[in-house]
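Okay, so here's the structure we're looking at.
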Amino acid sequence: MPDTETPPEGGAAHRFEAGLEKRAANYVPLTPVSFLARGASAFGARIAVIDGERRITYASLYDRCRRVASSLSARGVGRLDTVAILASNSPEMVEAHFAVPMLGAVLNPLNTRLDPATIAFSLRHGGAQVLIVEAAHAGLAARALGEMAEPPLVVAIGDGGIAGSLPYEGLIADGDPAHAWTGPGDEWQSLCLLYTSGTTGDPKGAVYSHRGAYLQALGNAVTFGLSGESAYLWTLPMFHCSGWSYPWACVAAGATQVCLRKVEPGEIFRLIAEHRVTHLCGAPIVLSMIAHAAPQERRSFPQAVRVAVGGAAPSSTIIRTMEEMGFRITHLYGATESYGPATACLAQPDWAALSDEARYQRMARQGVALATLDAVTVTDPETGEPVPQDGSRIGEIRLRGNTIMKGYLGNPDATGRTLADGWYATGDLGVWHPDGAVEIKDRSKDIIISGGENISSLEVEEVLMRHPAVMFAAVVSRPDATWGETPCAFLETKPGADVPSQDEVIAFCREHMARFKVPKTVVCGPLPKTSTGKIQKFVLRDRARELA
Ligand code: ADP
């Protein structure tokens, strides 16, 4: 035995354990807040956030967050208290993602497009002690607060106009820039509360941990290639799954975040050109807006712009259109429950030999696990066993790892159901390809069963999106006396395009898909969408049922 090794008392511990315990020097609970502390000392003068004429350096961002944390702490906000925020993609929204966790408190970003009753529900359910409100949303906040018996303390960004509110800049002015934050005692401690958008029923509050957010931020930074040279444009709502973790990912990478309050194509092009934006994220609807921008809204720019798309299935058509415009697409898939992106469609070596059309179809697959996710699988709904990786057997997509939510706040039943058997059950149905990529065919409730055959609504939509007049397509089931259900297509056409007749669309589909999958009914008009740009299929299912 080497001299250096002293047998431990009791003689039990292994030499690779004895004397090698965790210490403060080598084991620090993971928290995304540490990215900002490090950024401020490593490159304090670099621009962290751009908002209109405002420029906030890393040093100043850290200073402002510590001030906000100290002021909230002075008002009694502390460990595991809830601080809600109703704000657009603004510097204050970025600050909240650091200042609130600095206190060990839980940040609850609220969807600014919800109705007052749902906002009030979230504030009550989440137990918010504080609500930070941006002036633009003061009316909505006031109506929500009016429905509450015990409203939280309100902090107003800008001229909020809410009676009794504290000014946000007052928190900054009074705050202590040297505020000593300690981080969570335990990295499993709750950090964020995110209500799902409710396309599947009542909003459920997914709870994130410091550990999960830290890992997710790094996973995203690596997957999306963020660096200190990157400029990230906020086309994704920051209230959605904590902006897919990008407020933290950008700071970890030392990137610059460019705020955007309203998603308009002209503004997107202007900011891309003026701030040399290199990265942006969004749902397919954001890509459609960019792709269909009017000529006077477009600007040219010399840099490569990477666009991560997710939140709903992008068609190969929109991927192709964007790539042909010079954007580089990364397709991501995930849910609120998985801190946003959990898989990415990584390029495979055999893609080089494919035709453009085949390659864009590959890019529309949801892909493989991010580096920081433990695993993705597709399981047979009957047996729970993984389906073969043959690209044809349909099963439920399941995810596992440190970037899956802790559970739903105050909802042990839903938590137990969703996180049963060692996996997060996504409720998405898909196939598993031989190269490891998963591909979504449908959400389980959206699949259409016609004459006993399963029809993937996404597959039919993928074909409809290739029709030159179609901008958005949604296919839902319509009850049918003979077939049980038949596919019913709802189409939103491109601006200025001739609206195609039902017969023409059906003929187009017949050329491109098996007969039984062809929609029997086609309706053209604007499609109902959620605040995060998803098409509300439950609304369309109701409409389909009511069609004469
Ligand atoms: P909600 O469940 O309320 O719509 P989420 O944002 O959590 O809110 O939605 C997650 C769901 O969105 C996924 O389970 C999946 O059905 C869909 N989704 C997300 N990304 C993609 C994608 N890249 N392709 C297809 N569907 C996606």
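A short reminder: the numbers here are calculations on the coordinates, not readings from a lab. Quantities reported herein were computed from a predicted structural model and do not represent experimental measurements. Cβ sites come from the backbone with ideal geometry, for glycine too, and all protein chains shown count toward neighbours.
Under a 5 Å amide H to amide H cut-off, with H placed in plane at 1.01 Å, what residues pair with Asn108 once short-range neighbours are removed?
Val83, Ala84, Ile85, Leu193
What percent do you get for the relative contact order of the chain when only Cα pairs under 8 Å and 6+ apart count?
With pairs under 8 Å counted, the relative contact order is 10 percent.
Provide the FRET efficiency to the nearest 0.05 for the Glu150-Ser355 pair, computing r from the beta carbons and using R0 = 60 Å.
The pair Glu150/Ser355 has a calculated efficiency of 0.45.
Just need log10 I(q)/I(0) for segment 142-249 at q = 0.12, 0.20, 0.22 Å⁻¹, Debye formula, equal scatterers on the alpha-carbon atoms, no solvent, rounded to two decimals.
Log10 of I(q)/I(0), two decimals: -0.68, -1.30, -1.26.
Among Leu194, Ala149, Asn220, pick out the residue whose Cα is farthest towards the positive end of the charge dipole of the chain, where Lys and Arg carry +1 and Asp and Glu carry -1 on C-beta, about the Cα centre.
Going by the charge dipole, the pick is Ala149.
For segment 209-281, what is Rg from Cα atoms divided by 2.2 N^0.38 Å, rounded to two decimals?
Taking the Cα Rg and dividing by 2.2 N^0.38 Å, one obtains 1.07.
May I ask you to order 89-102, 271-284, 346-359 by the average number of other C-beta atoms within 10 Å around their residues, highest value first?
Final packing ranking: 89-102, 271-284, 346-359.
Where does each of 443-454, 54-65 land if you order them by average Cβ count within 10 Å, highest first?
Packing order, densest peptide first, comes out as 54-65, 443-454.
Taking 1 over the mean of 1/r across every pair of different Cα atoms in segment 185-336, what Kirkwood radius in Å do you get?
Evaluated over segment 185-336, this radius sits at 16.2 Å.
Mind listing the phi-derived Karplus ³J(HN,Hα) values for segment 79-87, rounded to whole Hz, using 6.51, -1.76 and 1.60 with θ = phi - 60°, and x for any glycine or proline?
Those phi angles translate into 3, 6, 7, 9, 10, 8, 9, 10, 8 Hz.
Based solely on C-alpha atoms, express the radius of gyration and the Dmax of the chain in angstrom.
Over the chain's Cα set, Rg and Dmax evaluate to 24.6, 89 Å.
Throw me the Rg/Rh for segment 37-96, computed over C-alpha atoms with Kirkwood Rh, two decimals.
Here Rg/Rh amounts to 1.01.
Would you please name the GluC sites (Glu not before Pro) within segment 130-173 that are DSSP coil residues with at most 16 other C-beta atoms within 10 Å of their C-beta?
Within segment 130-173, the qualifying GluC sites (Glu not before Pro) (loop, at most 16 other Cβ atoms within 10 Å) are Glu147.
Once phi is turned into ³J(HN,Hα) by the Karplus curve 6.51 cos²θ - 1.76 cosθ + 1.60 with θ = phi - 60°, what whole-Hz value does each residue of segment 263-272 show in order, with x for glycine and proline?
Going residue by residue, I get 7, 10, x, x, 5, 4, 4, 4, 5, 4 Hz, with x marking Gly and Pro.
Provide the per-residue ³J(HN,Hα) series for segment 356-367, in order, calculated from phi with Karplus coefficients 6.51, -1.76, 1.60 and θ = phi - 60°, each as a whole number of Hz, with x at glycine and proline positions.
Per residue, the Karplus-derived 3J(HN,Hα) values read 4, 4, 5, 5, 5, 5, 4, 5, 7, 6, 7, x Hz.
How much length would be gained if the chain were fully extended between Arg543 and Asp498, taking 0.36 nm per residue of separation minus their Cα-Cα distance, in nm to one decimal?
That pair, Arg543 and Asp498, stretches by 13.9 nm at full extension.
Compute the relative contact order of segment 129-222 as a whole-number percentage, counting only Cα pairs closer than 8 Å that sit 6 or more residues apart in sequence.
18 percent
What lysines does Lys262 reach when the alpha-carbon gap must be under 28 Å and sequence neighbours fewer than 8 apart in one chain are set aside?
Leaving aside lysines fewer than 8 places away in the same chain, those within reach of Lys262 are Lys204, Lys494, Lys529, Lys534, Lys537.
Have a look at His433, Ser477, Gln502 and report the one farthest towards the positive end of the charge dipole of the chain, computed about the Cα centre with Cβ charges (Lys/Arg +1, Asp/Glu -1).
It is Gln502, whose Cα lies furthest towards the positive end.
How big is the C-alpha Rg of segment 371-443 next to the rule-of-thumb value 2.2 N^0.38 Å, as a ratio?
Compared with the compact-globule rule of thumb, segment 371-443 sits at 1.12.
Treat each spin label as a single point 7 Å out from the Cα along the C-beta direction, and report the Gln303 to Asp374 distance in nm.
Between Gln303 and Asp374, the simple spin-label model gives 3.8 nm.
Just the number: Rg to Rh for segment 509-548, Cα atoms, Kirkwood Rh, two decimals.
Expressed as Rg/Rh, it is 1.05.
Can you compute the modelled spin-label distance between Ala42 and Ala117, with each label point 7 Å from Cα toward Cβ, in nm?
4.8 nm
Provide the convex hull volume over Cα atoms per residue for segment 1-125, in Å³.
193 Å³
Any number yet on Rg/Rh for segment 447-547, C-alpha, Kirkwood?
Computed over Cα atoms, the ratio is 0.94.
Mind checking which of Ala308, Gln296, Ala352 is farthest towards the positive end of segment 296-396's charge dipole, using Cβ charges of +1 (Lys, Arg) and -1 (Asp, Glu) about the Cα centre?
With unit charges placed on the Cβ atoms, the residue in question is Gln296.
Name the long-range amide H neighbours of Leu166: under 5 Å, sequence gap of 5 or more, or other chain; modelled H, no Pro or chain starts.
When sequence neighbours closer than 5 places are left aside, the close amide H contacts are Val154, Val155, Ala156.
Over segment 317-407, what portion of Cα pair distances is larger than 18 Å, expressed as a whole percent?
55 percent
So how strong a dipole does the chain carry about its Cα centre when Lys and Arg Cβ are +1 and Asp and Glu Cβ are -1, to the nearest 20 debye?
Taking the Cα centre of the chain as origin, the dipole is about 760 debye.
As a test of the formula, what do you get for the chain when each DSSP H run with n ≥ 4 contributes -39,500 (n - 2.57) and the sum is divided by the residue count, at 222 nm and rounded to the nearest 500 deg cm²/dmol?
After summing the helix terms and dividing by residue count, I get -8500 deg cm²/dmol.
Quick one: which residues, 5 or more positions from Gln257 or on another chain, have an amide H under 5 Å from its amide H? H modelled 1.01 Å from N in the peptide plane, none for Pro or chain starts.
Val49, Ile50, Tyr232
What order do you get for Trp234, Trp432 when you list them from fewest to most C-beta neighbours inside 10 Å?
Listing Trp234, Trp432 from fewest to most nearby Cβ atoms yields Trp432, Trp234.
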